[in-house]
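The values are calculated or read from the model by the stated rules, or taken from the named source; none is laboratory data. This structure is a prediction, so every number in the text was calculated from the model and none was measured. Using ideal geometry, Cβ is built from the backbone for each residue, glycine included, and neighbour counts are taken over all protein chains shown.
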Amino acid sequence: MCTGANLPGRFDAQGAVTAYVALGANLGDAVTALRQAVMAMNCVPLTDVHQTSSLYQTAPLATDSGGEAAAPGPDYINAVVALETGLTAPALFDHLQRIEQLAGRERSYRNAPRTLDLDLLLYGNARIESARLVVPHPRMLQRAFVLVPLVEIAPDLVSAEQLGAVAHQVIERLGPFPVSPFPGRMPG
Ligand code: A4P
Ligand code: MG
């Protein structure tokens, strides 16, 4: 639960940037991991969770080097959320990585099963290419587990052609995002 100035809704959104974050988990109680991640994002300073997509179940994909292949491990639970934030993109990303670590994330190898993965998809219209952060996320257009939840909360950001290109990937809608502890704010 947030305390003090970090209570959700306390943030004056004037001048805020809308950022989109993809959530994925396929180890342990993945639904709980995603719900707790959203609660934690709502506690990030100068940041409110504005919208949440439904939860989706997806087969694990290895998407290295632009290709698509099955990856080992259980199915993922995936979702996308929209944040309103007054933080810079690197500062927001620091918080996302901290939340991943709190969820017990270990970076063993690429595409490894994980307790929680938070990818910063978009930060307003910004284009960022630093050593640790690339935005828009370079692989987002290859993935139904990103585009299908994203189009649900931001229909103008994904084209029919982009959705068509990933239509062969198996993705099942499980239901609405679990209710948050902040009445009236979510699901989006
Ligand atoms: N990084 C750079 N830009 C970003 C950004 N915009 N958002 C860097 C997040 N991270 C970014 O990430 C590797 C490096 O990417 C970090 O050092 C970060 O600074 P990571 O989270 O440590 O490792 P990873 O997630 O294993 O690798 P990667 O390349 O991020 O993989 P993806 O693209 O996140 O894919 N299948 C299903 N069905 N559902 C999934 O959610 N996820 C993945 C991981 C693979 N297959 C999946 C799913
Ligand atoms: Mg990642």
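Results, tabulated for the structure shown:
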{"read-out": "Check on Q97, closer than 24 Å to N26 by Cβ, modelled with pLDDT of 95 or more and surrounded by fewer than 17 Cβ atoms within 10 Å (Cβ to Cβ)", "value": "yes"}
{"read-out": "Candidates L133, L102, filtered to the one that is at pLDDT below 95 and over 21 Å from T58 (Cα atoms)", "value": "L102"}
{"read-out": "Evaluation of L120 against (1) farther than 18 Å from I171 by Cα; (2) out of contact with any helix residue (DSSP H, G or I) (no Cβ under 7 Å at 6 or more places or on another chain); (3) within 12 Å of ligand 1 (Cβ to nearest atom) (one fails), failing number", "value": "(2)"}
